[in-house]
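Asks: Got a structure for you, written out below as structure tokens; questions coming shortly.
The values are calculated or read from the model by the stated rules, or taken from the named source; none is laboratory data. Here the structure is a predicted model, which means the values were calculated and not measured. Positions of Cβ are generated from backbone atoms using ideal geometry, with glycine treated the same way; all protein chains shown enter the neighbour counts. Just so you know, the surface numbers come from the protein's heavy atoms only, side chains and all, with ligands and any DNA or RNA stripped out. Shrake-Rupley method; radii C 1.70, N 1.55, O 1.52, S 1.80 Å.
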Amino acid sequence: MSKNPFDRDGNQPLYRQLAEWLGKLISEGTYETDSRLPSIRQLSEQLSVSRTTVVYAYRLLEDWGFVEARSRSGYFVQSVQDRQPRVGAAAPPSWDTTPKLFDVASASDDPTVRMIVAGANLDVLQLGVALPNPEFYPTDRLSRLLSRVVRHQPAVAARYCPSPGFEPLRVQIARRAVAAGVSISPEDVVITNGACEALFLSVRAVLGPGMRVAVASPTYYVFLEQLNQCGVIPVEIAADPQEGMNLDALREAHRRKSLDAIFLMPNIANPTGALMPDATKEQILAFAGEHGLPIIEDHVHAELAYSDARPRSLRAFDNEADVLWCGSFSKTLAPGFRIGWMVPGVHREKVAKLKATSSVASPTPQQMAIAEFLEEGGYDHHLKQLREAFRGAVETMLHLVDAYFPDQTIAHQPRGGYLLWLELPEGVDSIRLAQQALEHKIGIGPGPMFSPDGKFQNFIRLNCAVSWTARTRQSVRRLGELVEEQLRG
Ligand SMILES: Cc1ncc(COP(=O)(O)O)c(C=O)c1O
């Protein structure tokens, strides 16, 4: 319970203050319909008030229709529909129960924050977040595995699994690396809380305040936030929506600004879905090696590439470059498990220490369940189906964009994954569009959030891995109409 909320010298009797306090907690959902409220003895002891005060408070809540007494069981919360004050009783006070955190109207002006806020609100159609609908994932199988590992090895599951992480999972990750052309041992792998933590640890391992890192333009916005928090300066490098970062632009940026590192998503970039040709990967590796620049490689969407051959990680090439390779199971299995990994190369000791001192360990049961999933087999089959499903979802979105968006709209075909990078006609303000869309309960990713310099004013990123219901289709149509309306002025 929160701190004692009573003003003992105030004008209101204590029982009324207690009733109001409990009534507010009920209205806000702390106590849900049908849940049992604390007993009279408990409340009296916890809040240092007499039992009579608690009894009176509960009676008042009954009068307001908020609770019902059940014989020998205690007091229970009434459903909202049944909350009628008793005949002749005063109406209860009204509390402002608008959820503050997800209240779109009060969200920050920052488009990033707005998108996160909108994405977290389940009421909003989540076209703005890079978060596939759970229907795309093997959630039943995972939950069975999760309960199995916890049942069979409760002591292991309940323990910390200190850095570098659960060994059987690291073994599986090392085996899977082969598909990306990489040869590593389980000792090279550090398990993290999602790829987000892997990226953050990478930044902290190789960069510091005032240093500069090359990022593709556009790039993954959470990484930009991480750089910001560490005082690192992002330098935008022109990138092709199909092939990723431009090498000449990278060279030129280094000549002018002296870079300290490079952030790359060579295999299916966010937000564009670009896939870098192997030749460019090699050239960038050579460039980085020559200039002693570490590369932070984001592999999160790599297994979602539509090509039959698995795209090769930068680590697959025979080179001396210093690559911190980061990935996760968030986009392929279960975002909520928060299991990521990294292969930090020469920074292993530093990264393992940083991990140990920032979050000690990643959740053990989830590591165990994913290790089991991979050991049991069928992951590649699942990935194949997932890629097909995502490709189909992108196709659906493309058809609707074609039907409902202005003719000058350019949809940049992704080379994998489930995100669509849309170039809207010149003059469309995507931040304003995002605000307008939110009024229709549609979340979108406005272009400027993917650029430290606020470029891509007329671009948006759409998540296509949604449930394709009539409402979704209708919302995409509405979005197209909003774009048209902006153009008409
Ligand atoms: C490019 C990219 N990197 C990293 C992440 C973070 O992944 P995780 O959920 O595993 O932390 C995401 C999530 O959207 C992403 O799109």
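Asks: Filter the range 440-489 down to residues that are without any contact (Cβ under 8 Å) to a residue 60 or more places away in the chain and at negative phi, then give me how many there are.
Replies: Final tally of qualifying residues: 12.
Asks: For a quick check of your reading of the model, give me the residue pairs whose first member lies in the range 126-138 and is more than 17 Å from Tyr220 (Cα to Cα), whose second is among the hydroxyl-bearing types (Ser, Thr, Tyr) and more than 14 Å from the ligand (Cβ to nearest atom), with beta-carbon atoms closer than 9 Å and at least 6 apart or on different chains.
Replies: Pairs that qualify, where the first residue is more than 17 Å from Tyr220 (Cα to Cα) and the partner is among the hydroxyl-bearing types (Ser, Thr, Tyr) and more than 14 Å from the ligand (Cβ to nearest atom), are Asn133/Ser467; Glu135/Ser467.
Asks: Which of the residues spanning the range 166-190 are surrounded by 21 or more Cβ atoms within 10 Å (Cβ to Cβ) and in contact with a helix residue (DSSP H, G or I) (Cβ under 6 Å, 6 or more places away or on another chain)?
Replies: Phe166, Leu169, Arg170, Gln172, Val189, Val190
Asks: Next question, about the same structure. Going through the range 420-454 one residue at a time, which ones are assigned to a loop (DSSP other than H, G, I, E, B), within 22 Å of Pro132 (Cβ to Cβ) and among the β-branched types (Val, Ile, Thr)?
Replies: Ile444
Asks: Out of everything in the range 375-399 that is within 23 Å of the chain's Cα centre (by Cα) and hydrophobic (A, V, I, L, M, F, W, C), what residue ends up being nearest to Arg175 (Cα to Cα)?
Replies: Among residues in the range 375-399 that are within 23 Å of the chain's Cα centre (by Cα) and hydrophobic (A, V, I, L, M, F, W, C), the one nearest to Arg175 (Cα to Cα) is Leu383.
Asks: Show the residue pairs meeting these rules: Cβ distance below 7 Å; 6+ apart or different chains; first residue within the range 324-349 and over 15 Å from Asp298 (Cα atoms); second residue hydrophobic (A, V, I, L, M, F, W, C) and near the ligand (Cβ under 10 Å from one of its atoms).
Replies: That search, which allows pairs on different chains as well, returns Pro335/Leu131; Phe337/Phe329.
Asks: Six or more apart or on different chains, Cβ under 8 Å: which pairs go from a residue in the range 250-268 that's open to solvent by 10 Å² or more (accessible area, probe 1.4 Å) to one that's among the aromatic types (Phe, Trp, Tyr) and assigned to a loop (DSSP other than H, G, I, E, B)? Could you list them?
Replies: Close Cβ pairs (under 8 Å, with a partner that is among the aromatic types (Phe, Trp, Tyr) and assigned to a loop (DSSP other than H, G, I, E, B)) amount to Met265/Tyr220.
Asks: Is one or more of the residues making up the range 105-128 open to solvent by 70 Å² or more (accessible area, probe 1.4 Å), modelled with pLDDT of 95 or more and either farther than 18 Å from Phe373 by Cα or among the acidic types (Asp, Glu) (or both)?
Replies: No, the range 105-128 contains no residue that is open to solvent by 70 Å² or more (accessible area, probe 1.4 Å), modelled with pLDDT of 95 or more and either farther than 18 Å from Phe373 by Cα or among the acidic types (Asp, Glu) (or both).
Asks: Criterion first (closer than 18 Å to Tyr404 by Cβ and surrounded by 18 or more Cβ atoms within 10 Å (Cβ to Cβ)) does Gln486 satisfy it?
Replies: yes
Asks: Among the numbered criteria (1) away from the ligand (no atom under 15 Å from the Cβ); (2) outside any helix (DSSP H, G or I); (3) at pLDDT 95 or above, which one does Ala393 miss?
Replies: Here Ala393 clears every test but (2).
Asks: Could you list, in sequence order, the residues of the range 238-249 that are under 28 Å from Ala179 (Cβ atoms) and free of Cβ contacts under 8 Å to residues at least 24 places away in the same chain?
Replies: Answer for the range 238-249, where residues must be under 28 Å from Ala179 (Cβ atoms) and free of Cβ contacts under 8 Å to residues at least 24 places away in the same chain: just Asn246.
Asks: Would it be correct to say that Asp248 is assigned to a loop (DSSP other than H, G, I, E, B) and charged (D, E, K, R)?
Replies: No; evaluated as a whole, the condition is false for this residue.
Asks: Specify the residue that is nearest to the ligand (Cβ to nearest atom); the eligible residues are those in the range 191-227 that are open to solvent by 40 Å² or more (accessible area, probe 1.4 Å) and either in a helix (DSSP H, G or I) or outside the structural domain of Ser330 (by TED's automatic domain parsing) (or both).
Replies: The extreme case among them is Cys196.
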